[in-house]
Amino acid sequence: MKIALGQINPTVGDFSGNSTKIIQFAHQARTAGADLILFPELAVCGYPPRDLVERSWFLDRNRTTVERIAAETAGIAVICGLVTPAHADSGKSVMNSAALLRNGRVEFIQSKMLLPTYDVFDEMRNFAPARAQQLFSFSGQQLALTICEDAWNDKQFWTRPLYRVDPVEELVRAGGTIVLNISASPFWIGKREFRRDMLASIAKNKNVPVAMVNQVGGNDSLVFDGSSLVLGPDGQTVAQAKSFEEDLIFFTLDSAPDTSEDTRVPHVLRVSRHGRDDALVLTGDIHPQIPGDEASAYHALVLGTRDYVHKCGFQRAIIGLSGGIDSALTASIAVDALGAQNVIGIGMPGPYSSPGSISDARDLAANLGIRFELLSIAEIDAAARHTLAPVFAGRAEDVTEENIQSRSRGLLLMSLSNKFGALVLSTGNKSELAVGYCTLYGDMVGGLAVISDVPKTLVYRLAAYVNSRAGRAVIPQPTIDKPPSAELRPDQKDSDSLPPYDVLDAILEDYVEDARSAEAIARSSNFDLDLVKRVIRMIVRSEYKRQQAAPGIKITPKAFGYGRRFPIAAVVE
């Protein structure tokens, strides 16, 4: 038996485009001799569909699209994810399901049992869980078909399982010989390794091969890395797909290994099921993946930016270039995502902009090969101050005047966006967004906050990665070396208002990602308790800003956005 994993990049609601991909990949797999091909969770409609599943037309399109796929994939069996009607008494309209398509019809449907409600997931809001599950026979094997979270409750791996039932355990106990898992598992730094270890635990503890096909691509804030894989009963990798791009890989189960294909990396593993005589041999394709945290984070940001811009109907992007490292990194990501010809950099010097910042912005644009325009905010800033002067009479200058500069830049960027039909990419990082070191309707304007889940210390590491990858200083060295500054008042430095970024980022990780108390953070890191409490107060007070920010691309275990839901008007200790 030869099985293919079709790692595709679907778009939510694009039934025509998604089905075309599924059919094309199925035809390629059939040509290569595959008997069965798996596609990701909800591949027919795209994941996550969220409240679109409540629309009757959405359910109807799932049905008619699956019928089209079944009719156009003769000669190969297809498993793909889709939305199906829920039981009338479930209180929900739909279920998250997987369909086996064979001989031009839907032959088998299994729905998802475990519906996650943590972090970015809220599937209990939209879906009814499956009431039962069963195996299906294919080429002499009993296949256990599971959907994403169904494989995330192995009692041998998790110290505190979230669910009472373990679908994989029950299916293997019923006689399942191979575990198939179709997933839409979002990326965060370290997730690929964690997911592989979790699936390897299942393979070893249940003594079965495990095949997981994962969605790839960006949908809104989420990036799906693909990285589909097949693991043998010893937990070793038999087949592996690329990360951050569409891919098609194969694995076989046979009585003798077939390594005749040029594309196949020989990897033979004998499988013996409880002393049976019919020992099988697993072989599969091993495709290279992006190694390292910085490289994988950067590729995730590029993929997330490309798909967000294109899936929202844009082709070009506009970025305010300050000469600082945040806008430089954002511009580098945008060029790799969209092409230099589709990125416009805007320098907007103000009263306190240094000559070095202007030249650094110009040099960056030249290094990236993008169009660069220099538009001074001096006249807009002066006009605003003049207009407000009678009302502000008798009051000293403060952060208000600083914000006028930032909002003047926002005005220019959004005007250019309207005129040229290009999406503004905001450039604030996670550290700034966490503590509110940003200006609403100023530097926060835009359609996508590309690096809003990138802590400042990681910004520096990613900038170094950009330059090392290019073999030259794409991001000018002065941009990396100079102390970070908003340049909104004379000799301003970020350190005037914030702790050193290595300290700030350590506190943010402990508080935002790990939900640790101020006392625990101070004790474990030997930080001053008052400093930790001050940072936490800044985080809490800035919730109103974050909830008005543009969506960002999630690359850490806990990003700001709909995966972190805190009230704005609240007392938080």
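The values are calculated or read from the model by the stated rules, or taken from the named source; none is laboratory data. The model shown is predicted, which means the values in this text are computed figures rather than measured ones. All Cβ positions, even for glycine, are placed from backbone atoms using ideal geometry, and neighbour counts span all protein chains on display.
What residue, among those in segment 66-100 that are of a type in the set (D, E, K, R) and in a loop (DSSP other than H, G, I, E, B), is surrounded by the most Cβ atoms within 10 Å (Cβ to Cβ)?
In this case the residue turns out to be 92.
Condition first: within 16 Å of residue 225 (Cβ to Cβ) and among the acidic types (Asp, Glu). Can you find one or more residues in segment 316-326 that meet it?
No, segment 316-326 has no match at all.
Under the condition of being out of contact with any Leu (no Cβ under 9 Å at 6 or more places or on another chain) and within 13 Å of residue 434 (Cα to Cα), which residue from segment 494-516 is surrounded by the fewest Cβ atoms within 10 Å (Cβ to Cβ)? Walk me through it before giving the result.
Filtering segment 494-516 for residues out of contact with any Leu (no Cβ under 9 Å at 6 or more places or on another chain) gives 494-497, 500-502, 506, 508-516.
Now restrict to residues that are within 13 Å of residue 434 (Cα to Cα): 501, 506, 508-513.
On the way: 501: 21, 506: 20, 508: 25, 509: 18, 510: 21, 511: 21, 512: 20, 513: 14.
Top of the filtered list is 513.
Can you tell me which residues in segment 448-466 are of a type in the set (S, T, N, Q) and surrounded by 24 or more Cβ atoms within 10 Å (Cβ to Cβ)?
Initial filter on segment 448-466 (of a type in the set (S, T, N, Q)): 452, 457.
Selection gives 452 alone.
Every residue, every condition in (1) under 27 Å from residue 128 (Cα atoms); (2) touching an Asp or Glu at 6+ places or on another chain (Cβ under 7 Å); (3) of a type in the set (Gly, Ala, Ser), yes or no:
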position: 161; (1), (2), (3): yes, no, no
position: 180; (1), (2), (3): yes, no, no
position: 185; (1), (2), (3): yes, no, yes
position: 194; (1), (2), (3): no, no, no
position: 204; (1), (2), (3): no, yes, no
position: 215; (1), (2), (3): yes, yes, no
position: 221; (1), (2), (3): yes, no, yes
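Out of all the residues in segment 17-28, is one or more outside any helix (DSSP H, G or I) and crowded, with 16+ Cβ neighbours inside 10 Å?
no
Considering only segment 72-106, state which residues are at pLDDT below 95 and out of contact with any helix residue (DSSP H, G or I) (no Cβ under 9 Å at 6 or more places or on another chain).
Residues satisfying the conditions are 86, 87, 88, 89, 90, 91.
Hey, any hits in segment 379-396 for a residue that's in contact with a Phe, Trp or Tyr (Cβ under 9 Å, 6 or more places away or on another chain), in the same structural domain as residue 350 (by TED's automatic domain parsing) and assigned to a helix (DSSP H, G or I)?
Looking for residues that are in contact with a Phe, Trp or Tyr (Cβ under 9 Å, 6 or more places away or on another chain), in the same structural domain as residue 350 (by TED's automatic domain parsing) and assigned to a helix (DSSP H, G or I), one finds at least one in segment 379-396, hence yes.
For segment 444-479, what are the residues that are assigned to a loop (DSSP other than H, G, I, E, B) and over 22 Å from residue 537 (Cα atoms)? Walk me through it before giving the result.
First pass over segment 444-479, keeping only residues assigned to a loop (DSSP other than H, G, I, E, B): 444-447, 450-455, 471-476.
445, 446, 447, 450, 451, 471, 472, 473, 474, 475, 476, listed by residue number.
Applying the selection to segment 313-349, what residues are part of a loop (DSSP other than H, G, I, E, B) and surrounded by 20 or more Cβ atoms within 10 Å (Cβ to Cβ)?
321, 322, 323, 324, 348, 349
Looking at segment 158-172 only, could you name the residues that are assigned to a loop (DSSP other than H, G, I, E, B) and crowded, with 16+ Cβ neighbours inside 10 Å?
163, 166, listed by residue number.
Counting only residues that are in contact (Cβ under 8 Å) with a residue 60 or more places away in the chain and part of a helix (DSSP H, G or I), how many does segment 284-307 have? Don't jump to the end; show me each part of the working.
Step one: of segment 284-307, the residues in contact (Cβ under 8 Å) with a residue 60 or more places away in the chain are 289, 293-298, 300-301, 303-307.
Still in the running and part of a helix (DSSP H, G or I): 293-298, 300-301, 303-307.
Selection size over segment 284-307: 13.
Could you tell me whether residue 63 is within 18 Å of residue 22 (Cβ to Cβ) and out of contact with any strand residue (DSSP E or B) (no Cβ under 7 Å at 6 or more places or on another chain)?
Working: within 18 Å of residue 22 (Cβ to Cβ): yes; out of contact with any strand residue (DSSP E or B) (no Cβ under 7 Å at 6 or more places or on another chain): yes.
Taking the combined requirement at face value, the residue satisfies it.
Looking only at residues that are part of a loop (DSSP other than H, G, I, E, B) and basic (Lys, Arg) in segment 517-573, which one is surrounded by the most Cβ atoms within 10 Å (Cβ to Cβ)?
554
Inside segment 114-152, can you point out the residues that are assigned to a loop (DSSP other than H, G, I, E, B), over 22 Å from the mean Cα position of the chain (by Cα) and crowded, with 18+ Cβ neighbours inside 10 Å?
Passing the criteria: 128, 129, 130, 133, 135.
Look through segment 29-59, keep the residues that are charged (D, E, K, R) and assigned to a loop (DSSP other than H, G, I, E, B), and return whichever of them is nearest to residue 147 (Cα to Cα).
Filtering first and then ranking leaves 41.
Can you say whether residue 224 is among the aromatic types (Phe, Trp, Tyr) and either at pLDDT below 95 or touching a His at 6+ places or on another chain (Cβ under 7 Å) (or both), as far as the supplied structure shows?
Working: among the aromatic types (Phe, Trp, Tyr): yes; either at pLDDT below 95 or touching a His at 6+ places or on another chain (Cβ under 7 Å) (or both): no.
When the stated conditions are applied, residue 224 does not pass them.
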